[in-house]
Protein chains: 2
Amino acid sequence: MKTVNVGLIGAGTVGCGVIKVLTENSELIEKRSGVRIRLKKIADIDIKRKRPVQIPESLLTTNAWEIIEDTDIPIVIELVGGTTVAKDFVLGAIERGKHVVTANKALLALYGKEIFLAASKREVDVGFEASVGGGIPIIRAIREGYVANNILSLYGIINGTSNYILSKMTEEGREFNEVLKQAQAEGYAEADPSLDIDGVDAAHKLSILVMLSFGIFLDFSRIHVEGIRNITPLDISFANEFGYRIKLLAIAKSREGRIEARVHPTLVRKETPLADVSGVFNAIHVTGDAVGPTMLYGMGAGMMPTASAVVSDVVEIAKNITLGNSHSSLPRFYGGDISSSPIPMSEITTKYYLRFQVEDRPGVLAQIAGSLGKNNISIESVIQKGRKLEGGDVPVVIMTHEAREKDLLSALDEIDRFPVVKAKSVFIRIEEL
Amino acid sequence: MKTVNVGLIGAGTVGCGVIKVLTENSELIEKRSGVRIRLKKIADIDIKRKRPVQIPESLLTTNAWEIIEDTDIPIVIELVGGTTVAKDFVLGAIERGKHVVTANKALLALYGKEIFLAASKREVDVGFEASVGGGIPIIRAIREGYVANNILSLYGIINGTSNYILSKMTEEGREFNEVLKQAQAEGYAEADPSLDIDGVDAAHKLSILVMLSFGIFLDFSRIHVEGIRNITPLDISFANEFGYRIKLLAIAKSREGRIEARVHPTLVRKETPLADVSGVFNAIHVTGDAVGPTMLYGMGAGMMPTASAVVSDVVEIAKNITLGNSHSSLPRFYGGDISSSPIPMSEITTKYYLRFQVEDRPGVLAQIAGSLGKNNISIESVIQKGRKLEGGDVPVVIMTHEAREKDLLSALDEIDRFPVVKAKSVFIRIEEL
């Protein structure tokens, strides 16, 4: 049995999961892959901390470069996170001809092209299955399973924290802030939850999926990113009446040689499989021109699911090392003609859920409908109920047919200035999968 | 750009899909993989037939051996189906040092070990992503994505025809025979539907999934296989009242070093993601000890989805050929200690749905409950309604707690001999995912 040495940088939650898997399932991994993986060194800034796994002290170091510069370690696992030292570690390892496995979606979303090109030059591999969807093998699915497909669309529920909060709000009819606090207390949301609930984490992952699906490296700053802070139980409940659930979706589509890429709360029909993905679960719905609609579902985060993905990459690379195979899983940037800027939101066409807070008197709906019509937005259905809001106002909810976002924003701008309209209008995009 | 020649044996529905994908998406495949795939020869017994794709006549032959013996073709795609000539073709190609890609689940379920060992000896690869779940990349997911996991359980809806029929029966409350006829008329079921509706096709696929998940080659004749012919709208409706749907599941579990492997109609809770997999869709729910519960969903059959999977294997092998890489995706039979016979059904423990047709008079339930109790079967809930069946009988429906199948069969044997019991009792197994 050939042995391949591995160094681990970052022994936090996922790092400990990796140690656990490599320890407890080592025999299974050997039997399945024909390779023995040996964790030779583990670096962490805090080597005294209590951990959920036993680590022999002799393996531990506070100096990550001891691993990166160890000529006896061909594979470096980076689980530090962030985009500062992690970038140095990853590029440092690649420069020294080492293969890298990482779960770092922020790093890949911002510096992926640089990293992959460096790896390509040094003929080393970079495994990043763990960067999107935890243990869900979505990277392999897109890269290999759907290799023969033009990807038509991609919808991801890829942030567990947001999905957990929206699910709780939906099930229990509670307010965002209240549910967030509970999620924080229960460990489902970070003390600083903004990366998750503002959609940034989902956008990081989206840019990785776009890279694989369309062969381009997106300018991250140009991705439209909207989180879930403004979602209310009222909107969830109206959406429900129309047959929809509200999910934070990461969306990418190919349209006439250009790419739509956006993250925002979205109404999806209850019948679509994505609508039932609740709690901390993740799912990625991919439609290819040959394979048709597909969905991969699983736990999108956490110690063991993420470790499962990290180790899957380590095993693949270790096997290639022992077989003397060339690396072959780096993303290719073949989408040369496609702009690295997604289509601007103003040019997006979609259906919309609109909610207006208006004075309870005749003619209001006609005024709103008039403005929508003037802006080329046609109405599919309306709910206008006696349900009172603060100050005696009532909500009017409208579902539109497909419309251009630019037209919608013009209409809302006009409508929000009507004296009968008492609060900023709410719009949430709808996707019919 | 390196070119790899491919020969296709079998230009039926899926074969034409492969031709279509390789033709229409060739540029995309080249850009993604760096390899050009050239379809050099196509064999079919009928080369005159009208096909949904244009095939240059010069490529066509009626003699498959022209492909197998062509030293200029390193990859042979076998899409003939069946286990007679297909076996000769596959083994013949392997003997000549060719890589093989096949969608033939029956062949792999019955002769997989022989084929994989032959391939291993000749150091060639066998791709079979298309053999289970159409375009769903479940083979890669289990083999590579979950390589670090002990697979705890596996539940598959992997026969589209059965799922289509059960879905229609559920939605429309119609009888099996009626729906089958419609499915046949619409092309969703074969003229001879037995392989599909009797569970054999699902069992073929199950044995492939078991091979990958547990490293053993099952004795196919020992897999318990039950189809959907006996499912009635009445049972579907009662199951619904208890919060369940009825699905034809292929099930495998690891239990104390032994394997459960069985195919039968199963009650699954409506909340589980499997319950919502309807129509011709397939889904495979896999739980690993690290990754937790996962599910892959998509179109389990059809021209283009299956072609997508076939071509994914062709591309992988072609890449390895051009890179000079050793093959590495053959299943390993590492589960040496595990019996190739699944645990006998009599030793299975599960929950049961039971339906009795009884005379409408007092004391009947007590009699049935008594017999169940005597056989160590405890009752979770009961529905006894005034709903009349033919002859004035009424149905009694019981959901049990976990019980041994052996005990259940003893109880039913006794109960069926009670004079108040008017028809053979129905039992359907329940799985709580």
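So the values come out like this:
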{"quantity": "Net charge contributed by nearby residues that have their C-beta within less than 10 Å of residue A:341 (K/R +1, D/E -1)", "calculated": "+1"}
{"quantity": "For residue A:358, distant residues with modelled amide H under 5 Å away", "calculated": "A:394, A:396, A:422"}
{"quantity": "Percent RCO, i.e. relative contact order, over the stretch B:346-431, from Cα pairs under 8 Å lying at least 6 residues apart", "calculated": "48 percent"}
{"quantity": "Estimated 222 nm signal from helices in the protein assembly as shown, with DSSP H stretches of n ≥ 4 weighted -39500 (n - 2.57), rounded to 500", "calculated": "-10500 deg cm²/dmol"}
{"quantity": "For a label point 7 Å along the Cα-to-beta-carbon line of residue B:365, residues of the stretch B:398-433 with backbone N under 20 Å", "calculated": "B:398-402, B:412, B:415-416, B:418-423, B:425-428"}
{"quantity": "Net dipole in debye of chain B [+1 Lys, Arg Cβ; -1 Asp, Glu Cβ; about Cα centre; nearest 20]", "calculated": "400 debye"}
{"quantity": "Other protein chain Cβ atoms within 10 Å, averaged over every residue that makes up B:278-285", "calculated": "2"}
{"quantity": "Amide proton proximity set for residue B:351, modelled H, under 5 Å, gap of 5+", "calculated": "B:403, B:430"}
{"quantity": "For residues of A:148-157, the mean tally of beta carbons on other chains within 10 Å", "calculated": "4"}
{"quantity": "For the protein assembly as shown, diffusion coefficient by Stokes-Einstein and Kirkwood Rh (Cα), 25 °C, 0.890 mPa s, µm²/s", "calculated": "85 µm²/s"}
{"quantity": "Whole-Å distance, taken between Cα centres, linking the stretch B:191-256 and the stretch A:207-267", "calculated": "37 Å"}
{"quantity": "Residue-by-residue Karplus 3J(HN,Hα) for the stretch A:43-50, coefficients 6.51, -1.76, 1.60, Hz, glycine and proline x", "calculated": "10, 7, 5, 10, 9, 9, 3, 6"}
{"quantity": "Separation in nanometres of the label points that stand 7 Å from Cα toward Cβ, at residue A:416 and residue B:378", "calculated": "6.1 nm"}
{"quantity": "Residues with amide H under 5 Å from that of residue B:101, placed H, sequence gap 5 or more", "calculated": "B:76, B:77, B:78, B:127"}
{"quantity": "Positive-end residue of A:9, A:320, A:126, charge dipole of chain A with Cβ unit charges", "calculated": "A:320"}
{"quantity": "Percentage relative contact order, chain B, counting C-alpha pairs under 8 Å, at least six apart", "calculated": "17 percent"}
{"quantity": "Efficiency of FRET between residue B:85 and residue A:96 - r from beta-carbon atoms, R0 45 angstrom, step 0.05", "calculated": "0.25"}
{"quantity": "Cβ-based exposure ranking for B:76, B:4, in which fewest neighbours within 10 Å come first", "calculated": "B:4, B:76"}
{"quantity": "³J(HN,Hα) computed for each position of the stretch A:115-131 - Karplus, 6.51 cos²θ - 1.76 cosθ + 1.60, integer Hz, glycine/proline x", "calculated": "5, 5, 5, 4, 5, 4, 4, 7, 6, 10, 9, 10, x, 9, 3, 6, 6"}
{"quantity": "HN-Hα J in Hz across the stretch A:57-69 - Karplus 6.51, -1.76, 1.60, θ = phi - 60°, x for Gly and Pro", "calculated": "4, 5, 7, 7, 8, 8, 10, 4, 5, 4, 6, 4, 9"}
{"quantity": "At 1.002 mPa s and 20 °C, Stokes diffusion of the stretch A:138-299 via Kirkwood alpha-carbon radius, µm² per second", "calculated": "134 µm²/s"}
{"quantity": "Within the stretch A:349-431: Cβ-based charge dipole about Cα centre, in debye rounded to nearest 20 (Lys, Arg +1; Asp, Glu -1)", "calculated": "120 debye"}
{"quantity": "Listed residues A:62, A:411, A:164: farthest to the positive end of the dipole of chain A (Cβ charges)", "calculated": "A:62"}
{"quantity": "Distance violations [Cα-Cα > 18 Å] among A:247/A:424; B:113/B:205; A:2/A:31; B:247/B:270", "calculated": "A:247/A:424"}
{"quantity": "Aspartates and glutamates with Cα under 20 Å of residue A:20, excluding same-chain neighbours fewer than 8 positions away", "calculated": "A:30, A:44, A:46, A:57, A:78, A:129, A:313, A:316, B:144, B:289"}
{"quantity": "Reachable lysines, given that their alpha-carbon falls under 18 Å from the alpha-carbon of residue B:422 and they are not under 8 places away in the same chain", "calculated": "B:385, B:388"}
{"quantity": "Gaussian network model of chain B, Cα within-10 Å springs - most flexible of B:175, B:78, B:57", "calculated": "B:57"}
{"quantity": "Cα gyration tensor of chain A - equivalent ellipsoid semi-axes, whole Å, descending", "calculated": "45, 23, 17"}
{"quantity": "Local electrostatic count, residue B:4, Cβ distance below 12 Å [Lys/Arg +1, Asp/Glu -1]", "calculated": "+3"}
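Laboratory data are not the source of any read-out in this text; all were calculated from the coordinates shown. Please read all numbers here as calculations on a predicted model, not as lab measurements. We place every Cβ from the backbone using ideal geometry, glycine too, and count neighbours over all the protein chains shown.
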